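The values are calculated or read from the model by the stated rules, or taken from the named source; none is laboratory data. Remember, it's a predicted structure, so these values are computed and weren't measured experimentally. Here Cβ is always computed from backbone atoms with ideal geometry, including for glycine, and neighbour counts include all displayed protein chains. Surface accessibility is based on the protein's heavy atoms, side chains included, excluding ligands, DNA and RNA. Shrake-Rupley method; radii C 1.70, N 1.55, O 1.52, S 1.80 Å.
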Amino acid sequence: MKLLRLEFFKCRRRKILLVCAAVLAAELLWIVSTFLRQDAEDLVQGWMLLLYDLAMVDAIIMPISVATIASRNCELEHKGTTLKLLETMAAPGRLYGAKLAWGALVLAALLLVRWALFMGVGILWQFPEEVPWGRFGLFTLISWAVSMMVYALQQGLSLRFANQAVALVCGISGSFLGILSLLFPPALTRCIPWGYYGLLSLVGMNWDPDTRFTWFYWEWPVPTDLVLLCLWAALFLLVGRALFVRKEV
């Protein structure tokens, strides 16, 4: 707990709140602008449309956002002899765990605020469907789990390389691959870590080319995909931790 408090104390001036606010603002602007282009008939399935669009927006915005948050937390340790000083007080594995816990709490707070924000958007827009409290909560939990898998990758890169451009380029590439993966078959998407934002979506879409009518339907994540998500997360966690523990400082 002492190391975790130290992480929060260290990040007071790292503008983490500003980064999180920018993420929420970008997603809100995207979703609201999408809804403003819809007519009343399109908004009959408003809650499904909202969750479908949020999964797509997550695939674009969250990879680079998670990379930025991880980089802001880890870059200070590369300056001077900071890592050497820290490792005189605590083992490298404990430092790595504290940073991971910090990231988990920050991402949880970000996504909880987003849950409240977009639940408010849906209620104020007066979608005709019943408010899907449970599904929206599950969607938030899945978004957090995928973001933590990506965060484990980004933290490992940010701690391994002093030049944070490596981690940020990975995050930017993840954003491109995340949106492209929505067009891939599921078998290929499972091989792309950032593709799990769309792969584990709770809403599917059908489009009739003859009538040009689009409709949405509820769906549940495939259990195999959840297992693969955990395996990706474990791989990034174990490899990142091992590289950090063996890093010469």
- Message: Return the residues of region 108-126 that are open to solvent by 50 Å² or more (accessible area, probe 1.4 Å), touching a residue at least 12 places away in the same chain (Cβ under 8 Å) and under 22 Å from Ala22 (Cβ atoms); say none if nothing qualifies.
- Response: Ala109, Leu112, Val113, Trp115, Leu117
- Query: (1) outside any helix (DSSP H, G or I); (2) closer than 23 Å to Gly134 by Cβ; (3) of a type outside the set (Gly, Ala, Ser): which one isn't true of Gln45, the others all being true?
  - Reply: (1)
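So that you can scan it fast, the table gives a plain yes or no per residue for (1) open to solvent by less than 50 Å² (accessible area, probe 1.4 Å); (2) closer than 22 Å to Gly122 by Cβ:
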{"residue": "Arg5", "(1), (2)": "no, no"}
{"residue": "Arg12", "(1), (2)": "no, no"}
{"residue": "Lys15", "(1), (2)": "no, no"}
{"residue": "Val19", "(1), (2)": "yes, no"}
{"residue": "Leu29", "(1), (2)": "no, yes"}
{"residue": "Leu36", "(1), (2)": "no, yes"}
{"residue": "Ala40", "(1), (2)": "no, yes"}
- Conditions (1) out of contact with any Leu (no Cβ under 6 Å at 6 or more places or on another chain); (2) surrounded by 12 or more Cβ atoms within 10 Å (Cβ to Cβ) -> Trp133 fails only (2)
- Would you check which residues across region 131-161 are farther than 24 Å from His78 by Cβ and among the hydroxyl-bearing types (Ser, Thr, Tyr) and list them? Thr140, Ser143
- Expected single match for farther than 23 Å from Glu7 by Cβ and open to solvent by 70 Å² or more (accessible area, probe 1.4 Å) among Trp194, Trp207, Trp232 is Trp207
- Query: In region 84-107, what residues are more than 16 Å from Ala242 (Cβ to Cβ) and open to solvent by less than 30 Å² (accessible area, probe 1.4 Å)?
  - Reply: Leu86, Ala90, Ala98, Trp102, Gly103, Ala104, Val106, Leu107
- Given (1) touching a Ser or Thr at 6+ places or on another chain (Cβ under 6 Å); (2) over 20 Å from Met48 (Cα atoms); (3) surrounded by fewer than 20 Cβ atoms within 10 Å (Cβ to Cβ), index of the condition Val166 fails: (1)
- Item | Condition check for Trp218: open to solvent by 70 Å² or more (accessible area, probe 1.4 Å) and in contact with a Ser or Thr (Cβ under 6 Å, 6 or more places away or on another chain) | no
